[in-house]
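Peer 1: Okay, here's the structure, questions in a sec.
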């Protein structure tokens, strides 16, 4: 069983210096356990990040910054998008 906390998910999604360390445990979905509080914490930080990327005029779409695509469906593997 792999229980990975929010800091690990955020490091992985941001492609931080330790992202590779978390790639294997996060990729093994048959052994992965994600507590509800972890989902909430990652959502909270991600939502705040998206809000900061929005244009000053309040446009509907945030500009991409080249980071990993976040796959919320949990089915299959999400490919990185440029």
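Peer 1: Examine the stretch 4-14 for a residue that is in contact with a strand residue (DSSP E or B) (Cβ under 8 Å, 6 or more places away or on another chain) and in contact (Cβ under 8 Å) with a residue 12 or more places away in the chain, and state whether such a residue exists.
Peer 2: Yes, the stretch 4-14 contains a residue that is in contact with a strand residue (DSSP E or B) (Cβ under 8 Å, 6 or more places away or on another chain) and in contact (Cβ under 8 Å) with a residue 12 or more places away in the chain.
Peer 1: Also, I was wondering about something else. Give me the residue from the stretch 38-64 that is at pLDDT 60 or above and part of a loop (DSSP other than H, G, I, E, B) and, out of that set, surrounded by the fewest Cβ atoms within 10 Å (Cβ to Cβ).
Peer 2: Only one residue fits best here, namely 55.
Peer 1: Within the set of pairs 6+ apart or on separate chains, which have a first residue in the stretch 31-49 that is closer than 9 Å to residue 6 by Cβ, a second that is part of a helix (DSSP H, G or I), and C-beta atoms under 7 Å apart?
Peer 2: 38/6; 38/9; 41/6; 42/6; 42/9; 42/10; 45/10
The values are calculated or read from the model by the stated rules, or taken from the named source; none is laboratory data. All values derive from a computational prediction rather than experimental measurement. For neighbour counting, all protein chains shown are included, and Cβ atoms are generated from backbone atoms with ideal geometry for every residue, glycine included.
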